[in-house]
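What follows is a set of notes on a single structure, which appears directly below.
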2 protein chains.
Amino acid sequence: MKKNIINCKKIAKNIYNEIKTEIKELKIKPTIVAILVWNNESSKTYIKQKEKWAKYTNIKFILKHFKEKISEKELLKEIIKLNNDKNVNGYIVQLPLPKHINDKNIIKNISQLKDIDGFHPINQWHTVIWSNPIFTPCTPKWIMEIFKEKKINLKWKIITVIGRSNIVWKPLINLLINKWATIIACNCDTNQEYMKKRTKESDIVIVATWVTNLLKADMINKKTIVIDVWITKKEDWKLYWDADFENIVKKWNLITPVPWWVWQLTVAMLIKNVLKAYKMQNTK
Amino acid sequence: MKKNIINCKKIAKNIYNEIKTEIKELKIKPTIVAILVWNNESSKTYIKQKEKWAKYTNIKFILKHFKEKISEKELLKEIIKLNNDKNVNGYIVQLPLPKHINDKNIIKNISQLKDIDGFHPINQWHTVIWSNPIFTPCTPKWIMEIFKEKKINLKWKIITVIGRSNIVWKPLINLLINKWATIIACNCDTNQEYMKKRTKESDIVIVATWVTNLLKADMINKKTIVIDVWITKKEDWKLYWDADFENIVKKWNLITPVPWWVWQLTVAMLIKNVLKAYKMQNTK
């Protein structure tokens, strides 16, 4: 792997091994449940990865697969069951859900202490408003983890973030702001010329849109760190990456690698949250 | 008043009169309670303004003044009482609270439906993450109201926001982002030269720091709209305004006026939330 590619594989592997060791030393067996309702390829792939790394770290993984036509009321019943089940330390509801189910209503009812995805309002509140997160959503969490790993002090840094999603982007900019960074928050509608000027002078550029090759090599400088958050679009389930990796990588700068290893980092953060949930539930 | 000064007085007065008319037509008497614990000059001034405009619009205003040494537990009891009191439509806990009381704990326990300040986690979640606010905090709310009043379409606008507070600033940038604006989020630590370049090219600059005259006339262009959110600092209770009003106003641009009328707008937003709360509680 080229020197300027951030070795996400190594970072993720280290995290998995640390957690594996800690679980072994503590002689515990945390348990998580994954709820899968909408059985599309993308969701199945995510779930498989979560299962793989849960097993690797000695976490019991239970998949609850419901039919797509399950009602919101029935799903809520399952959520309450999981909230009350002392043998379950954390659980995820794989998003997106079918259209007849109000995802906000589901998320609101997840026990705050078992919310390893960090989507519950109180957890988001702690993350976004108070900069005192209990469970941080996994994608912003791995981005912050990379900065920690690379010993990048965010204070005084100019960071351009391109995107507008609720799960990745909004918690992320607030986490960056809490580190006293200066943020340029662009979206797909931002004037392209203006955006180019800003990315060109940025220390860090983070892209999470659905526009392929939005960030071109001539839009950054040689020292810019590029974080590309590959995402799938709900409508077509295709994988999008937003940075022109091939051309950017020729320059002298850091960039996250093409999939799948950034997604491994997302899963690593989830596994980290599981251990945290277990500890929170088992200490007084 | 000069043409380029935003007439906050007029905007606030219009809102008060609209609410007064609606309350009269609906033949209702909404009731709010203000909890005052820390009896400093600034809090007293705020409370007096809230009382004045509640009375003006025919809203019953009850002040509950507790001793500074009240325990968190006792205060929580009062909160629960207000949550259950069917005669109370909304209430505010005047911040800041004395240091021995955990304000987060108090805010979390305010009934979501009576939270006219918009500080409750679920309300913040709706505002910040889902851009579907039930109660928006009053300062970001009046800033958005000014844009609506002045018919300023925020899409494609370049907006520099200088500040970092939880109550004003974070909900605000998220509200602006939801309108597809491009945001430059600076704080007091942002490199001054860099900040000047950004403010100079901005369509709108919003300042809410504690640095007097941070935004000077040579930092903006002739068309920049300046929103100065005058704030008090917890430590010294002094009033800070961040824009060099005298010199900026000589240029050809819009600016919010020196106090008190922007604060009147804050109170107007609170009164608006009271009517909303009443309606929510009285419709099925």
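Read the figures in this text as sums done on the coordinates, not as results from a lab. What you are looking at is a predicted structure, and each value in this text was computed from that prediction instead of being measured. Heads up, the Cβs are rebuilt from the backbone with ideal geometry, glycines too, and the neighbour counts pull from every protein chain shown.
What is the diffusion coefficient of chain A in µm²/s, taking the Kirkwood radius over Cα pairs and the Stokes-Einstein relation at 25 °C with a viscosity of 0.890 mPa s?
Stokes-Einstein gives a translational diffusion coefficient of 125 µm²/s.
Among A:D203, A:D117, A:D189, whose mean-square fluctuation peaks in a Gaussian network model of chain A (Cα, cutoff 10 Å)?
A:D189
According to a simple spin-label model (label point 7 Å from Cα along Cα-to-Cβ), what is the distance in nm between B:K20 and A:N84?
Label-label distance for A:N84 and B:K20, simple model: 5.4 nm.
Distance in nm between label sites at A:N166 and A:K64, each 7 Å beyond Cα in the beta-carbon direction?
2.2
Starting with the fewest neighbours, write out A:W38, A:W241 ranked by other beta-carbon atoms found within 10 Å of each beta-carbon.
The fewest-first ordering by Cβ neighbours comes to A:W38, A:W241.
Go through B:L154, A:N4, B:A34 and say which Cα lies farthest out towards the positive end of the charge dipole of the protein assembly as shown; charges sit on Cβ, +1 for Lys and Arg, -1 for Asp and Glu.
So the residue we want is B:A34.
Once every Cα of the stretch B:138-262 carries one equal point scatterer and solvent is ignored, give the base-10 log of I(q)/I(0) from the Debye formula at q = 0.16, 0.19 Å⁻¹, two decimals.
Debye output, listed in q order: -0.72, -1.07.
Evaluate peptide A:185-196: per residue, the Cβ atoms of other protein chains within 10 Å of its Cβ; return the mean as an integer.
4
Computed on alpha carbon atoms, what radius of gyration and Dmax characterise the stretch B:1-122, expressed in Å?
Looking at the stretch B:1-122, its Cα Rg and Dmax stand at 16.2, 52 Å.
Return the long-range amide H neighbours of A:G90 (sequence gap of 5 or more, or a different chain), with a cut-off of under 5 Å between placed amide H atoms.
Sorted by chain and number, the residues that satisfy this are A:T31, A:V33.
Filter chain B for me: DSSP H helices, axial length by Cα at least 20 angstrom, mean Kyte-Doolittle hydropathy not below -0.5. List them by residue number.
Length and hydropathy pass: B:261-281.
Highest mean first, what order results for B:204-210, A:27-33, A:75-81, B:82-88 on Cβ atoms within 10 Å?
Top of the packing list down: B:204-210, A:27-33, A:75-81, B:82-88.
Within straight cross-link reach of B:K48, meaning Cα distance under 16 Å, which lysines are found once same-chain residues fewer than 8 apart are removed?
B:K60, B:K64
Using the structure shown, select from B:K10/B:K157; A:K29/A:K155; A:K73/B:K99 the pairs with a Cα to Cα distance greater than 31 angstrom.
Over 31 Å apart, Cα to Cα: A:K29/A:K155; A:K73/B:K99.
Report, in debye and to the nearest 20, how large the dipole of the stretch B:27-108 comes out about its Cα centre when Lys and Arg carry +1 and Asp and Glu carry -1 on their Cβ.
That gives the stretch B:27-108 a dipole magnitude of about 300 debye.
Which value results for Rg/Rh of the protein assembly as shown when Rg is the Cα radius of gyration and Rh the Kirkwood radius based on the inverse mean 1/r?
0.98
What does the average come to when, for each residue of peptide B:114-126, you count the partner chain Cβ atoms lying within 10 Å of its Cβ?
3
Return the calculated 222 nm mean residue ellipticity for chain B, to the nearest 500 deg cm²/dmol, obtained by summing -39500 (n - 2.57) across DSSP H runs with n ≥ 4 and dividing by the residue count.
Result for chain B: -13000 deg cm²/dmol, rounded to the nearest 500.
Quick check on the exposure proxy: order A:T283, A:T182, B:T21 from fewest to most C-beta atoms within 10 angstrom.
A:T283, B:T21, A:T182
Over the whole of B:170-177, what's the average partner chain Cβ count within 10 Å per residue? Rounded to a whole number, please.
The per-residue average across the peptide is 4.
I'd like the distance separating the alpha-carbon centroids of the stretch B:42-85 and the stretch A:31-85, in whole Å.
Cα centroid of the stretch B:42-85 versus Cα centroid of the stretch A:31-85: 45 Å apart.
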